[in-house]
Structure formats: structure tokens, C-alpha cells
Amino acid sequence: MIDDPALVDNPTVEVTDVSKWFGPKVAVSKITCSFGPGVTGLLGPNGAGKTTLLRMVTGLIRPSEGAISVLGEWPRSSPKVYAEIGLVPEESAVYTHMTGREYVEYAAVLSGVDGPASATDRAIEAVALEDAADRKLDGYSKGMRQRAKVVAALVADPKILVLDEPLNGTDPVQRNHLIAVFRQLGDEGRTVIVSSHVLEEIERMSDRVLAIVDGRLAAAGDVAAIRRAMSDIPYRVRVETTRPRQLAARLLEDAVVHGVAIEDEAILVETEDLSSLGHQVAVAAKRVEAVPTVFRPEDASLESVFRYLVRRR
Amino acid sequence: MRPAWAITVATVRQVLTLRRAIVFGLAEASPALVYLLVANTLSDEAALDRLGFMILIVYFPLLVPIVSLIVASGVLGAERRDGTLSFLVLRPIPRWVIAAAKAAAAVIVAGGLNAFGALALTVSYAVETGNWNLVVPLVVGGVLASIIYAAIFVPLGFFTDRAVLVGLLFVFVFENGIVTALRGLSALSPWRTGFSAFIALAPPDLLTGEDLAETPVELISLSTAALWTALAALVSVALVALVLRNRDLTSE
């Protein structure tokens, strides 16, 4: 049994004392951690080094120092390992001249899947992309492209899934469905590594979290432990609405709201209870006849949480 | 074999959009159209002179390199620029297979377009004069030159975002400037290798020794041209495979 919460028993992915720098800039600094079956969340503000770490895990870039092992091998030296890795990259790029189905089947063929057409149908069904599958990717929204990339990553039935901000651009319905898919993949015994800068997302997707700040591992453990560690730090949430002043005034009467600031058509709400706040905003909006169009935890508040975690460590 | 074929087909579709096919097709057909417009007013000898002008001034030094540059620099460059490279390289496929499939796509598109240009020009000449024996030599010469250009411009597109600019400098400053002044450097000019193959396959009486002396080309034999082409292709595939294996494939 391993005591360090950054490490797991029977790891499929091992990161040992890894650093990466680009010129004078240190992107990742001496991170040691491991990943095994189940969903592990990689949490950190934008620019924390999550994407760099995931790119090193998949072999897209080499560590400047340290070692990475995926199923016992460094993928760059042994491309056959890629048959067991599925990546959803952060950038929204896809082959826009292809339909969703062609894109997924292309992934299946490149991964050496037997029966790529039937594997494509199964993967498309798993992510509920059937309706859009025969449309060109050029016409997909960002959220639909994310789903197409998830399908392409799943089609080869990989043991390890690396998902870099996979919920970016998705609407609430797509988000709920993808979270359920990731959960199920973890329950099936796959290693699912999923990054996000939004704690709420990570909380819903994974039981185990690694928090990264300024390229360093700031905290590791289960979500509840991370949550407890940051319980005294308020969230800041951006709410965009048609009647910001009226909604702000109403929200100030609410016990879960610590403070409110108005910024053009948006209000910034401070709270320690993010899940209750969503409900309270909906109730308050109805009372003042406002229409909330955006409800988004702000990066800045998370960043302060991460810095707090770094100081504690 | 199947992944290699899939990469080649996907890349051909990626670089040869309908708009590009129309634009390049018109550009490739333009020397033939110009030739047809003027040829029926000329004597047979003058028509051959006009054809020589189209081949030596327009087709080989301009059309073949520019079409090859735009096509070949995009086959890997677009993947890197658009962020789709990870989709391609994180696969259980040897790196040299990816490199070879990409190079093959560049050769199919650039070689195909340049073969079409050669065909259009020589067929229009044949229709006017009844002389069909320049069709195969020009197609072969154009395709060989396209292969060497692809061997140069595929890696160039991968290494720099300014591949087209660097490629144009290579074509206009080095090939059509420096090598024209220093004929001894002809072996380093892809279009001259293609032109040599064309001359080697064309009827011996096509050009007199005096004509040849006036061309800015130090001719090489067909076998040397073929060997040079194969070597360039091999080195290019090996170089791209090496980079795919050893270098960081995304930037910060």
C-alpha cells in the first residue's frame, strides 16, 4: 500500500521526477505521480502546466528531465503503445473536410481496429453523436467537435484515455452526458486522466484529484480532501443576465452569497457554496424577471485557491 | 498498409479542395491555352519554338515548382499549424509510414497536377502538328521534378510556418537566379532534373547542340535523374520520420 496520495497501486501511467522547460520558462517542475484504473482529475488554473504534463504522458513532447512510462514503455520509443492510448487534445482542431463518421473511422483505421466501420458505429452511439455523424465537421459547434474528438479517442477501445479540458465549449446537456461517459469508462477499469480548470467539473468526473499550480504538484488525494483544504476560500462566479442590478440586489439578500459586484452586463458573485448558488440564482432571476445567460466559476478565484494550496504544501 | 493508404487518401482530400483543383487546373492549362491561341498562325518551326518557350520558361521553372510548393508544404505543415498533428502521430504506426504516406500524398497531388499541365501542353502541340512524341517525355519530366520538390517542401512545411516564402526564395533566388548564372549547380535544381529527363526521352532531333547550349541547364542522363529523384525522396522520408520520432511535436 502506498502512502503518498500522488501515487497509486498498480499504475498504468508513471511520471517520475518530471520537469519540462521551454527556453527559460519552466512549464512543469519535478512532478512525481501515477495513474491507475478509474478517473483521475488533473486540476489547475490555465497555464498551470496540465496540458504540458498530458502532452508528455502521451509522448507529444519529451520531458526535459525525469521519466514517463505508459504501460511500462515510453510511447515515443514504442509507438505500439499508442494502440492503448486515446487522446482528446485541448485545441478544437479537427479535419474539417471530413464528416464526423469519416473522422472517427479514420481514427479507427489508424489505430489498427478490426472492423473499423462497426467500431465507428458503436463509438458514435456511445457518445450519442448519431444525428450529426454524417455532417461535415466544419459545421460542428465547439461542443460537438469536443464530442467528435471523444468518439475518435474511444473508437479503438483504449486502456488509457487522456482528456485535456474535454468539456470546453459543451452545453449543459452535452456536459452531463460526457461526464457520465467518462465515469462509466473509469468504472470499466480504464485509466481516465481528465484535466480541467473548473473544480466543479473535476468533482463530478473523478474521485481522485491531482492539483497542479505553477508547474508543480500542489495537492493530491480524493476530491473531499481537496475540497476540505479549500473550504475557507470563497468561489467567485460570473453570472451574465438581462437585469444585472436587480438580480444583484436580490442575491445580496441570500445567505449563501458573500458579496456581489456588477461589471457591465454581468455580476460577480462570491460564495462558499457553489452548488446552492446555482439554485439561488435561478430562484432570484425568476423573482426579478431576469434571464441568466451565463453561470461560470471564475478562474481568478480558483487560482487563489491553488496558490493557497501551494503555500500549505 | 491500410493506415498508410488512409493517411494518403485523407491528405489528398485535405490539400486538394475543389477550389484549389479549379485554380491549379486553370493555371496548369494556361500554357496550353496560350499556345493554342498563337500556334495556328505560326509555321511548324515557329510552333515548336513557342512550345520550347512554354516548356523552358513557363512550365518547368514556374508552374512545376510553385504548384509543388503550395501542395507539398501543406501536407504536414497544415497538420502542425491546425493542431491535428496529435491525432495523426499518437497511433501505433511506425513513424516512417506516416512520413512516407504524407510524401506520397504530396507526390500524387503535385505530380498529378503537373502531369495534367504537361499533358495539356503536349497534346495541344500534337493536335496542331500531329507530333505526339513529346507527350510522355514531358509528363515524365514534370512528375520527376514534382517528386524532388515534394521531397524538399514536405519537410520545409513541417519545420516552418513560412515555408511558402522560403520555398519561393529557393525557386526564384537560388534556382532561377544563382543556378542560372552558375550552370554547374544544375544538379541542385529540381526542375532542371525534370528537364533533363524530358530531353533524355524526347526525340534526339528536338533540340540542336546550339539550342542546348543556350538553355540554363547542365543536362544529366535519365538514369541519373531517376537516381537523384529516388535519393531525394528517401532522404526526405527518413528526415521527417526522424523528426516525428525525436522532436517535440507541439510547441509551448
Scalar couplings 3J(HN,Hα) for the stretch B:5-19 by Karplus 6.51 cos²θ - 1.76 cosθ + 1.60 (θ = phi - 60°), nearest whole Hz, x for Gly and Pro, are 5, 4, 5, 4, 5, 4, 6, 4, 5, 5, 8, 10, 6, 4, 4
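Starting with the fewest neighbours, write out A:ASP17, A:ASP3, B:ASP248 ranked by other beta-carbon atoms found within 10 Å of each beta-carbon.
The fewest-first ordering by Cβ neighbours comes to A:ASP3, A:ASP17, B:ASP248.
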Beyond 32 Å (Cα-Cα) in this structure, taken from A:LYS20/A:LYS159; A:LYS30/A:LYS149; A:LYS30/A:LYS136; A:LYS25/A:LYS136, we find A:LYS30/A:LYS136; A:LYS25/A:LYS136
Expressed as a whole number, the average count of other chain Cβ atoms within 10 Å around the Cβ atoms of A:185-193 is 0
If each K or R counts +1 and each D or E counts -1, the residues other than A:GLU130 whose Cβ falls under 10 Å of its Cβ total -3
Over chain B, the sum of -39500 (n - 2.57) across DSSP H runs of at least four, divided by residue number and rounded to 500 deg cm²/dmol, gives at 222 nm -22500 deg cm²/dmol
Averaged over residues of B:90-98, the number of beta carbons from other chains lying within 10 Å of each residue's Cβ is 6
Sorted by chain and then number, the residues having a modelled amide H within less than 5 Å of the amide H of A:THR32, at least 5 places away or on another chain, are A:ASP17, A:VAL18
Descending packing, highest mean Cβ count within 10 Å first, for A:205-215, A:257-267, A:239-249 is A:205-215, A:239-249, A:257-267
Once normalised by the length of the stretch A:64-161, the mean sequence separation of its alpha carbon contacts under 8 Å that are 6 or more apart gives a contact order in percent of 41
With x for Gly and Pro, the residue-by-residue ³J(HN,Hα) of the stretch A:56-66, computed from phi through the Karplus equation 6.51 cos²θ - 1.76 cosθ + 1.60 at θ = phi - 60° and given in whole Hz, is 6, 4, 7, x, 5, 10, 9, x, 6, 9, x
When B:TYR149, A:TYR235 are ranked with the fewest other C-beta atoms within 10 Å first, the list becomes A:TYR235, B:TYR149
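For chain A, what's the relative contact order in percent, using C-alpha pairs closer than 8 Å and at least 6 residues apart?
Relative contact order, chain A: 20 percent.
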Taking N as the residue count of the stretch B:62-168, its alpha carbon Rg divided by 2.2 N^0.38 Å gives 1.25
Sorted by chain and then number, the residues having a modelled amide H within less than 5 Å of the amide H of A:LEU42, at least 5 places away or on another chain, are A:VAL194, A:SER195, A:SER196, A:LEU210
Going residue by residue through the stretch A:167-179, the Karplus relation 6.51 cos²θ - 1.76 cosθ + 1.60 with θ = phi - 60° gives ³J(HN,Hα) values, rounded to whole Hz and with x marking Gly or Pro, of 9, 4, x, 8, 7, x, 5, 4, 4, 4, 5, 5, 4
Taking Cα pairs closer than 8 Å and at least 6 residues apart, the relative contact order of chain B in percent is 26
FRET efficiency for B:LEU26 and B:TRP5 from the Cβ-Cβ distance with R0 = 25 Å, rounded to 0.05, comes out at 0.25
Here the FRET efficiency for B:SER221 versus A:SER141, based on Cβ atoms and R0 = 60 Å and rounded to 0.05, is 0.55
Among the stretch A:172-213, those whose backbone N falls under 11 Å of a label point 7 Å along Cα→Cβ from A:ASN10 are A:189-190
Listed with the fewest Cβ neighbours within 10 Å leading, B:GLU79, B:GLU128 appear as B:GLU128, B:GLU79
Note to self: C-alpha centroids of the stretch A:145-162 and the stretch B:63-124 sit apart, in Å, by 27
Taking only Cα atoms of the protein assembly as shown, the Rg to Rh ratio with Kirkwood Rh works out at 1.11
Checking rank on A:166-173, B:62-69, A:34-41, with mean other Cβ inside 10 Å and highest first, the result is B:62-69, A:34-41, A:166-173
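Using 0.36 nm times the number of residues separating A:VAL283 and A:GLU253, minus their current alpha carbon distance, what extension gain do you get?
Working: separation 30, 0.36 × 30 = 10.80 nm, distance 1.22 nm.
Value of the extension gain: 9.6 nm.
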Note: A:57-64 gets an average of partner chain Cβ contacts (10 Å, Cβ to Cβ) equal to 3
Among the Cα-Cα pairs of the stretch B:12-62, the proportion with separation greater than 12 Å, in percent, is 67
Rounded to the nearest whole number, the per residue volume of the convex hull around the C-alpha atoms of the stretch B:2-246 in Å³ is 124
Distance in Å, no decimals, from the C-alpha centre of the stretch B:27-60 to the one of the stretch A:234-298 is 74
At R0 = 41 Å the Cβ-Cβ FRET efficiency linking B:LEU239 and A:ASP273, nearest 0.05, sits at 0.10
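No value in this document is a laboratory result; all are computed from the given coordinates. Because the structure is a prediction, the values reported are computed rather than measured. Note that we place each Cβ from the backbone using ideal geometry, even for glycine, and neighbour counts take in every protein chain shown.
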